[in-house]
Each structure stands twice: as structure tokens, then as C-alpha cells.
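Report on one structure; see the data block that follows.
The values are calculated or read from the model by the stated rules, or taken from the named source; none is laboratory data. Quick caveat, the model's predicted, so the values are computed rather than measured. Here the Cβ positions follow ideal geometry from the backbone for every residue, glycine too, while neighbour counts run over all protein chains shown. Just the protein is used for accessible areas: all its heavy atoms, side chains included, with ligands, DNA and RNA removed. Shrake-Rupley method; radii C 1.70, N 1.55, O 1.52, S 1.80 Å.
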Amino acid sequence: KDPISHAQPVAWPENRLHKWVDIEGTTQHASLWLAFQLPDVSQSYAKQPFDYIDWVLSYKGVNSMFYVLRDVLAWAHGLGTSADQTSAGTTFTLTLSLTDAGRDRPEFVLDVVFAYLARLQRQGVDAALHQSIADAGALSWQWSPPSSPVSTSSGLAERMTRIPINDLLWGDSVERQVDHELAKSLLDLLTPSNVRIGFVDPRKLEKGMPRGNVPGPQETKVLKHYGVIYAVRDLDDVFPDASSRWSSWAKTEVGVSTLEDEIKQRLHDVTFSSGATVLPKAPDPIRGLPQESDISVKLAAAKDPAAGVTEDTEASASDVKFGFPPECVAEAKKVLGDAVVGTGLPDVWYRQGWRSNAPKFSPRISISVLIRPLQPEDLPEKTPADSIRMSVYSRLLGEEIDTPLADLGPKGGGWGLATSLNGLSISFGGLPNALDETVAKVLEQYHTKATLPTASKRFARVVQDFREALSSYSGMPISYAIADRNLLLTKGDHSRDDLLQELNKLPFESTAQALQDLILSKPLHLAALAMGNIEEKEVVRIVEATARNVPQLSSNSAGTSEQQDQLHVERITPIVKLSKPVELRKHNPRPGDPNDAVVVSIVAGVATVEKRVVLGLLGQMMHRVAFGELRTRMQLGYVVNAGEVQLSNVLGISCVVQGTK
């Protein structure tokens, strides 16, 4: 039986499209929402046409739309897409999180977006790229980890309403029929005449009052029940010539260079690198995808503990179910000796294979390398200046390397590179076929980008992002009360005010040296953990390659053996040991918010197996009692919760209430 269709009457007729909606935001971040109305293609589940559109719009590699808006023009710091499909039609949404500069130039931001869409529409669907996207999706689905029972059953139940039973498992995940024409027909509908654009801006929305280069509306309205102030206008009433200009770009026969010159002329008062492109380029096909037949599961099964059980040995139930714990690799100490000679021997731990309740073994690999400073017991606590300096550095380093590494994920590679006052963390993972390329490219990016050679142009934007995050309170009051509780108990945490004060006087030159000054200039210790479908000798090789890209491991001496005995790695964040009850009272940080928030916590001490069991059971009982008594009977607040909490390795019991009573 054919599914019921709600395509008629049309949900979004022409008179409700081509609109501009001003919205007064409730947070400090501005955003643009472009909602395109497209036909229902839910029955084309085997073709997955939005996979191609999503990829070309949300791709984050060099010269992508995200790259141009974030790194070249500094107008956006986030980009996302979504497709809401129903039988009444599909709403495809492109969301841009704007910087202050982008908030003041929404028309110019849209110039870049529609110029890129015009370029995509004129060149048509790239058949090789489309096929590679389908192949990458199939690869990801084939080797994805199992979902939870609840997620699996609910997903299958929903798909049973619209997908034949034989296709339920893959129906929403695999593009088995690559249809270039269908993708092209949907891409051609991403036009100014078929869009509703929402402009969310925290600045006050008033009649006749402009916001940036957006003229003020003639009238405003208040959304019933929600209190949101908004105004709806025709797109041409806001930007009179923009719609015709954007539409002409998709139809004209002028070359790409002419189109880019026109955009640059419109951006004559905007500062950007002379050689940079402002017209995004479609991504190239994904090259080097491993074939299904190339992926072998050589070491997927860890050694079976039960197989080695004799009368003289006994394997625990957890060992039989999950496998033996990782073992220290003795060979690593020999091989890595000269790479870490200045700071003592490394700790490299390895566990072969995966064990799980999945019906298939996983070929995936996970390798994490952590390089941490050795420090004396009496080392003073890190200052707010150190904390914010390292946080900004970590964000800038991430933006330095994420664009060149954008293609690793679709090939089955995974990576992570993070810095903090606790050290430098580098991780690799994914499918074995992609591991060598992933390791080589990540280490190359770290080696060339650790000093932030191109980050100065992004520094002001990133600092402003931090400033907004530290000075805005868009969450519920209870979240800030819990954060203050944690601040009181945890070593190394700092208040928002202290961090904001240091942020306002932070120079780029100092930030660029944060990793070297705060971590790598000290004696260092290397630890690594590897698990999965990889041999032990390969683990040692990859850890050695990582160590050699951090030359400070071999050059920073920890001193004599006696001096080394005075140094240690801080493996666990210390928690304050309370000697008496402590009470903190603060004003609600949200201006005009009538709610109060109360957090009552009892610290039980360092975690043990016995305490975990007892507090876990007690927490479940407390949750029911607190909800029934404080919320249902006494009605003290609409947010009530209670249960076990953990800070570092310390357990406790906590109860929270938020409300106006």
C-alpha cells in the first residue's frame, strides 16, 4: 500500500517564500537560517539525494564555503545543514553562526552563499564526487559500531512506517542508487525565490531601527506563548537588488573568474588576503577510499581468557566478557629510549582486538598518545592567565589543522589533537587501511602548525568568541550553580570573571607560545594506549613516530635520578577535602530571570567499588524521593534532580532544584 501523502495543499506556497524574518535573539550569538522548500523524496531512500548536497555545502576543506566564511572573511564560525523530510515536502536548512563582522554584513554573507550555489548549479553534479560520497557512506555504515537496543528498536519502528521490510537495515544510511539527475534537480531549487531567511540577532528589534546593514522593519510582532519578537518582510524589501543579482549568477554564462571579480568588487571595504579566494570551490572526489575487500579483520578478537583457564588459573567474569586488560609493551621502552631519553622511559599499553556483544568483529583501531609535564608536588596552582592562554591556543591550533585534514574522516581515518595545561594529546583511529595516511598527515600538520603560523588573522575572532562565551548566560540558572559547586571543589578551575579579565589583555604573540612555554619547556613523560585491529610492533612504530615529532621529549632533561624522584605526572585532578560544611550564595547571573537555583552536595570521598555500588543505589532512591517530594508535593521548582555525582576520582550525592519559590 502506498504511504499517505500530504503534498496537497502545498505547505509553503509561493506567497510564503522569498521572505526575510528578523528575530530578536536571546543569546549573544547571531545566526542566519536559510530554509529552502523542496519536494518530498522520502520514497527515494535508496538514492539518498541529500548526501551530495549536504557534502558540497558542509565540506570544511580548503576553499570550501566554510573556509571562505571563517578563515578568509572572518564572518562565520559555524556551519551546518539539515533536511527535514515529510510527505508534505522537505525543508532543507543551511545554518550559519555569525561573528560580529558577519552579523553586520548579512547581505555580503548571502552574496558568498548564493554565488557558491550558482557555481554548483552551473557546473552540475560531479559524477565522480557523487560516487565517492556514496562509497564513503557505505563504508561507514558497513563498519559502524552497534547502536543501543532502545535506539535500534525505535529506529526500526519509525522506518517500518515508510520503508519496505527488506530494506529496513540500510534504507536511511546507504546510497545504493546514485542518481545524479535527482541530486541536480534538488540542487537547482536552492534559489532566492524558494527560500525563507531567518536573521537571529541579539540586538533589540524595533520598528524602523536598523541592525547592521539590515534596515529596520515597519512593524514587529510577538510570537504567542513564546514571547519572541520578530518581523516578516519580503526579501526584496530588505535588500532591493540582491535577489535578482543572486538569481542572475546561476543563469549567466560569464566565467568563474568574472563572478569572483564581481564579488570582490562588492567586498571592496572588507580586508582579506589579496591572493585568497572569496568564491568557494566544490570539493574534489574523495580519493583513496579503501575497498570492502581490502579491509581485513586480522586481530579483531582479543585472546580469549576462557581458553586459557586451567585448574591453576581462574578468569573473572569481566575478563571472559570483555577480555584481559591492556598490557605494558616492554619493547617500547627499548625502541623509544633515544626519543625520550631526557625524561625517563615511556609507558605504552596495548590490547589486541575488540570484544563486544556485536554480531561482527570490528576492524577499527584506537591509539592515544599523551605527553604530560613532570612537576613537583608543591607546584603552585595554574593561574587564570595560563588557563585562558592555553584555551585560546588550543582553539587556534584546531582551526589551523582541521581544514587540511578534512578528507581523512570519509576515508575511514580518525584523529584528535588537543592541548591543555595537563599536556598534549594526539590520537589516531579508524580503519587499518587509512591508518598510515592519517598518522603521517596529522603529525605533519602538528609539526608545521604548532607555532600557529597563520593564526594571527583569526586571533581577534577567536578571542571575541571566548569573550561572548564567558560573558553570556544563555543556559538555565541551575547549570551555573552546578558550575560554581565544581569551581569550589576542583583544583585548577577559575571563575568566568577572572578568565575574562585575563582574556582582555591577551596578546597573540604570547598565545602562539603557550604550548612551548607551559608544557613543552618542562621535563616530559609519554604515555600511550592502543587497542584494536593492529599488531603490537605497529603500535610501537606509530608511538615512536609521534615521539620524534615532539623533539622536546629527548632534549628536556629531568635531572639526576634524585631530582627525577621529586617529579611526578598529575594523573588525577585533586579535589578539595572539606573539613566543615561550606555555603555559597550568589545572584542569578541571568538578567531579569526570576528563578532561584539550589545545589546541595555531600562529598563521600575517594571512589571505591563498594562506594560506587552503595551510592549508585542510594542515588536512584534519592532521585525518586526528591522528584516526588520537592517537585510534585511541595512544587518548589520545575527542575528537580538527585543522584550520585563524581568529580575526578571523588564520589558524592547531590540534589538540585530550580524554580521561582
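Criterion first (more than 22 Å from the chain's Cα centre (by Cα) and within 15 Å of residue 186 (Cα to Cα)) does residue 122 satisfy it? So residue 122 passes the test. Given the condition in contact with a Ser or Thr (Cβ under 9 Å, 6 or more places away or on another chain), open to solvent by 40 Å² or more (accessible area, probe 1.4 Å), in a loop (DSSP other than H, G, I, E, B) and polar (S, T, N, Q), answer yes or no: does some residue in region 467-487 qualify? Yes, that holds for at least one residue. Give me the residue from region 647-661 that is more than 18 Å from residue 603 (Cα to Cα) and of a type outside the set (Val, Ile, Thr) and, out of that set, surrounded by the fewest Cβ atoms within 10 Å (Cβ to Cβ). That would be 661.
Of all residue pairs spaced 6 or more apart or on separate chains, those with beta-carbon atoms under 6 Å, a first member in region 102-116 that is open to solvent by 30 Å² or more (accessible area, probe 1.4 Å) and a second member that is assigned to a helix (DSSP H, G or I) are 107/242.
Return yes or no: is residue 64 surrounded by fewer than 21 Cβ atoms within 10 Å (Cβ to Cβ) and of a type in the set (Ser, Thr, Tyr)? So residue 64 does not fit the description; no. Of the set (1) open to solvent by 40 Å² or more (accessible area, probe 1.4 Å); (2) in a helix (DSSP H, G or I), all apply to residue 121 but (1). Filter region 600-621 down to the residues that are among the aliphatic types (A, V, I, L, M), crowded, with 16+ Cβ neighbours inside 10 Å and touching a Gly at 6+ places or on another chain (Cβ under 6 Å), then identify the one that is farthest from residue 478 (Cα to Cα). Among them, the one singled out is 604. Residues in region 205-244 that are in contact (Cβ under 8 Å) with a residue 40 or more places away in the chain, in a helix (DSSP H, G or I) and touching a helix residue (DSSP H, G or I) at 6+ places or on another chain (Cβ under 9 Å): 235, 236, 238, 242, 243. Here the condition is being open to solvent by less than 40 Å² (accessible area, probe 1.4 Å), farther than 20 Å from residue 201 by Cβ and modelled with pLDDT under 90; of 87, 44, it holds for 87 alone.
Has region 135-148 got any residue that is more than 20 Å from residue 178 (Cβ to Cβ), touching a helix residue (DSSP H, G or I) at 6+ places or on another chain (Cβ under 8 Å) and open to solvent by 60 Å² or more (accessible area, probe 1.4 Å)? Yes, the conditions are met somewhere in region 135-148. The residue list 526, 553, 518 contains one member that is surrounded by 14 or more Cβ atoms within 10 Å (Cβ to Cβ), touching a strand residue (DSSP E or B) at 6+ places or on another chain (Cβ under 6 Å) and in a helix (DSSP H, G or I), which is 553.
Quick grid of which residues meet (1) within 30 Å of residue 605 (Cβ to Cβ); (2) over 23 Å from the mean Cα position of the chain (by Cα); (3) free of Cβ contacts under 8 Å to residues at least 60 places away in the same chain:
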{"residue": "458", "(1), (2), (3)": "no, no, no"}
{"residue": "474", "(1), (2), (3)": "no, no, no"}
{"residue": "490", "(1), (2), (3)": "yes, yes, no"}
{"residue": "524", "(1), (2), (3)": "no, yes, no"}
{"residue": "547", "(1), (2), (3)": "no, yes, no"}
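Each residue in region 407-458 was checked for being among the aromatic types (Phe, Trp, Tyr), open to solvent by less than 20 Å² (accessible area, probe 1.4 Å) and in a strand (DSSP E or B), and 1 of them qualify.
Within this structure, residue 480 passes the test of being of a type in the set (Phe, Trp, Tyr) and more than 28 Å from residue 524 (Cβ to Cβ).
Among the candidates 97, 82, the residue that is open to solvent by 10 Å² or more (accessible area, probe 1.4 Å), in contact with a Gly (Cβ under 8 Å, 6 or more places away or on another chain), at pLDDT 95 or above and assigned to a strand (DSSP E or B) is uniquely 97.
With respect to (1) of a type outside the set (Val, Ile, Thr); (2) surrounded by fewer than 20 Cβ atoms within 10 Å (Cβ to Cβ); (3) assigned to a strand (DSSP E or B), the lone exception for residue 22 is condition (2). Does residue 592 satisfy being out of contact with any Cys (no Cβ under 7 Å at 6 or more places or on another chain), part of a strand (DSSP E or B), modelled with pLDDT under 95 and not charged (D, E, K, R)? When the stated conditions are applied, residue 592 does not pass them. Can you tell me which residues in region 1-18 are assigned to a loop (DSSP other than H, G, I, E, B), open to solvent by 100 Å² or more (accessible area, probe 1.4 Å) and modelled with pLDDT of 80 or more? Within region 1-18, 6, 8, 9 meet the criteria.
Hey, any hits in region 495-504 for a residue that's touching a strand residue (DSSP E or B) at 6+ places or on another chain (Cβ under 9 Å) and assigned to a helix (DSSP H, G or I)? Within region 495-504, not a single residue is touching a strand residue (DSSP E or B) at 6+ places or on another chain (Cβ under 9 Å) and assigned to a helix (DSSP H, G or I).
The numbered conditions (1) more than 33 Å from the chain's Cα centre (by Cα); (2) open to solvent by less than 80 Å² (accessible area, probe 1.4 Å) are all true for residue 597 except (1).
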